[in-house]
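Everything on this sheet refers to the single structure shown next.
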Amino acid sequence: MASAKHLRTTATLTARVAPPAFPYSQTRGETHTMTAVPGQRSTAAVGSAAAEQAAEEDLRALFGQSIAVFASLAGPSHLVETANPAFFASIGEERARVGVAIAELMPELAGQGFIALLDQVFQTGEPYTGRDVRVVLGSGPQAREAFFDFTYEPRRDADGNVTGIRVLGVETTQVKHAQRLMAEHRALLEQIARQAPLTEVLDGMARCIENLAPQEVLVSVLLADPDARHLRHGAAPSLPDFYNQAIDGIATGEGVGSCGTAAHRREPVIVTDIATDPFWDDFRDLADQAGLAACWSTPILARDGGLLGTFAMYHRTPRIPQDTDLALTRLFAGTAALAIERHHIEQAKLAAEARAKAANDELAKVLRVERELRAEAEQRAAVAAELATQMRAAAAAQAAAPHPERCQLGGAAGCTAPAEVKIADSWGDAAWGCPAHVEEAILNVRSVFIASEELGGLTAYLNR
């Protein structure tokens, strides 16, 4: 904010500028001093009534077409004597009147402490300066949040008495909103970077936009199925549950509301009046039940052009988007794309890790079974080797045993017949005998068989 002294100097240099196109009433017989630094005031009367009138005209000329707001208030009731177009543009063109008290023109100020501040400056003669001060202008559905840098500067007559207040200021709403937008956007990017859940990121983004938008807006994000043929609920914190449930799973296609059509076309679809737009024929009753009158939908696209979802802004009344709305949409549609792509990458990574873990577990199982089988085979081989050793030892012992000359099967009485045939049983017992006693043993002893050395016995069986 330029100092009042500088403004007076500039106004004097531009005195020949054509008078501004806004109403004002001249005040005569007054002289005024504008203080450059908050908290300071002049104690001497400056100039004559004519000089004061010229200064007032200079100020009007200076602020007539300026983006800075300017108003001149008179008396303890703060009657609006004059104001420039920027002032009325800020408070609402429909309230562009002079000759009324500021409290009557802008009744919402009283509840926010601004009328009390005017009273304080008028009574004390001390100026007041505020920086980035928040004010709600208007009421009801038309109310809007605004921010201003401003100064309340006392006006004085030739005797130094306060006769009114000048209001000088600059609206900083766009700067303030831009700062908040940058801060919120940075927070969303930090959420994405630390891999916050997608639902948390999208819900936070929707609420952020709803808070930042100058007019009421309801944000919805729908997520595309892998085949891009249907849209699923992603985030819509301010839409009714019944509405979210009804559109969850809607198809993508021409004429399927704003979102289905935007997803199908891969381009924004702006429906300014749901009540008359043919795209909403199948959903008009649902929208009416939810109190929705306009829907602007933008497809959320991946870097390769694939469909990730849609980003929609709903409104309670028919509305055409402004450039700021479209810029906000592009910014957050891009942010949503980043979040969704990051989510898909993480999901694919987790799925790959799960498959790798399952494969590793299966491989470990196969190796464990293979080790068990190998150990069992080695154990069986050891047992077989031991058995073979025992068999060889038995065969060697048998081969070394002398062949009896006489029958061993004669019992206690003995038999002197030559030993011609060897017999054995399943228990491994064997004996030589004569044919008569061998036949008797075969008939009377179970599991007895002839063990013929001529046939090779077990060795012949093993080598068959």
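Answer with yes or no whether Ala351 is under 30 Å from Leu301 (Cα atoms) and either acidic (Asp, Glu) or in contact (Cβ under 8 Å) with a residue 40 or more places away in the chain (or both). No. The residue pairs whose first member lies in segment 304-317 and is within 26 Å of Glu216 (Cα to Cα), whose second member is of a type in the set (Ser, Thr, Tyr) and open to solvent by 10 Å² or more (accessible area, probe 1.4 Å), and whose beta carbons are closer than 7 Å, counting only pairs six or more residues apart or on different chains, are Thr310/Thr298; Phe311/Thr298; Phe311/Thr329; Met313/Thr329. Of the residues Glu210, Glu171, the single one that is closer than 30 Å to Leu73 by Cα and either crowded, with 18+ Cβ neighbours inside 10 Å or touching a residue at least 24 places away in the same chain (Cβ under 8 Å) (or both) is Glu171. The lone criterion from (1) open to solvent by 30 Å² or more (accessible area, probe 1.4 Å); (2) hydroxyl-bearing (Ser, Thr, Tyr); (3) within 22 Å of Glu341 (Cβ to Cβ) left unmet by Ser238 is number (3). Regarding Leu118, is this residue part of a helix (DSSP H, G or I) and modelled with pLDDT of 90 or more? For Leu118, the condition - part of a helix (DSSP H, G or I) and modelled with pLDDT of 90 or more - is met.
Restricting Arg180, Arg232 to those that are at pLDDT below 95 and open to solvent by 80 Å² or more (accessible area, probe 1.4 Å) reduces the list to Arg232. Kindly indicate the residue of segment 224-258 that is in a helix (DSSP H, G or I) and of a type outside the set (Val, Ile, Thr) and also nearest to Pro321 (Cα to Cα) among those meeting that condition. Looking at the filtered set, the residue picked out is Ser258.
Within segment 296-342, the residues that satisfy the criterion of being touching a strand residue (DSSP E or B) at 6+ places or on another chain (Cβ under 9 Å), part of a helix (DSSP H, G or I), open to solvent by 20 Å² or more (accessible area, probe 1.4 Å) and not basic (Lys, Arg) are Leu326, Leu328, Gly334, Glu341. Of all residues in segment 182-207, those satisfying the criterion of being aliphatic (A, V, I, L, M), in contact (Cβ under 8 Å) with a residue 60 or more places away in the chain and either out of contact with any strand residue (DSSP E or B) (no Cβ under 6 Å at 6 or more places or on another chain) or in a loop (DSSP other than H, G, I, E, B) (or both) are Leu188, Leu189, Ile192, Leu198, Val201, Met205. Can you tell me which residues in segment 408-422 are in a loop (DSSP other than H, G, I, E, B), open to solvent by less than 70 Å² (accessible area, probe 1.4 Å) and either of a type in the set (Phe, Trp, Tyr) or in contact with a Pro (Cβ under 7 Å, 6 or more places away or on another chain) (or both)? Within segment 408-422, just Ala419 meets the criteria.
Summed over segment 239-250, residues that are among the small types (Gly, Ala, Ser) and touching a helix residue (DSSP H, G or I) at 6+ places or on another chain (Cβ under 6 Å) total 1. Number of residues in segment 138-162 that are within 25 Å of Pro85 (Cβ to Cβ) and either in contact with a Pro (Cβ under 6 Å, 6 or more places away or on another chain) or crowded, with 19+ Cβ neighbours inside 10 Å (or both) equals 10. Please specify each residue of segment 277-289 satisfying the condition of being touching a strand residue (DSSP E or B) at 6+ places or on another chain (Cβ under 8 Å) and either in a helix (DSSP H, G or I) or open to solvent by 60 Å² or more (accessible area, probe 1.4 Å) (or both). Once the filter is applied, which keeps residues that are touching a strand residue (DSSP E or B) at 6+ places or on another chain (Cβ under 8 Å) and either in a helix (DSSP H, G or I) or open to solvent by 60 Å² or more (accessible area, probe 1.4 Å) (or both), segment 277-289 yields Phe279, Trp280, Ala287.
Restricting attention to segment 259-276, does a residue exist that is open to solvent by 10 Å² or more (accessible area, probe 1.4 Å), farther than 24 Å from Arg330 by Cβ and either touching an Asp or Glu at 6+ places or on another chain (Cβ under 9 Å) or outside any loop (DSSP other than H, G, I, E, B) (or both)? Looking through segment 259-276, at least one residue is open to solvent by 10 Å² or more (accessible area, probe 1.4 Å), farther than 24 Å from Arg330 by Cβ and either touching an Asp or Glu at 6+ places or on another chain (Cβ under 9 Å) or outside any loop (DSSP other than H, G, I, E, B) (or both). The single condition among (1) assigned to a helix (DSSP H, G or I); (2) touching a helix residue (DSSP H, G or I) at 6+ places or on another chain (Cβ under 8 Å) that Glu153 does not meet is (1). Looking at (1) part of a helix (DSSP H, G or I); (2) surrounded by 15 or more Cβ atoms within 10 Å (Cβ to Cβ), which is the only condition Val221 fails? Looking at each condition in turn, Val221 falls short on (1).
Inside segment 425-434, residues that are under 16 Å from Gln408 (Cα atoms) and open to solvent by 70 Å² or more (accessible area, probe 1.4 Å) make up a count of 1.
The values are calculated or read from the model by the stated rules, or taken from the named source; none is laboratory data. Because the structure is a prediction, the values reported are computed rather than measured. Virtual Cβ from ideal backbone geometry, glycine too; neighbours counted across all protein chains shown. Heads up: the accessible areas ignore ligands, DNA and RNA and are worked out on the full protein's heavy atoms, side chains in. Shrake-Rupley method; radii C 1.70, N 1.55, O 1.52, S 1.80 Å.
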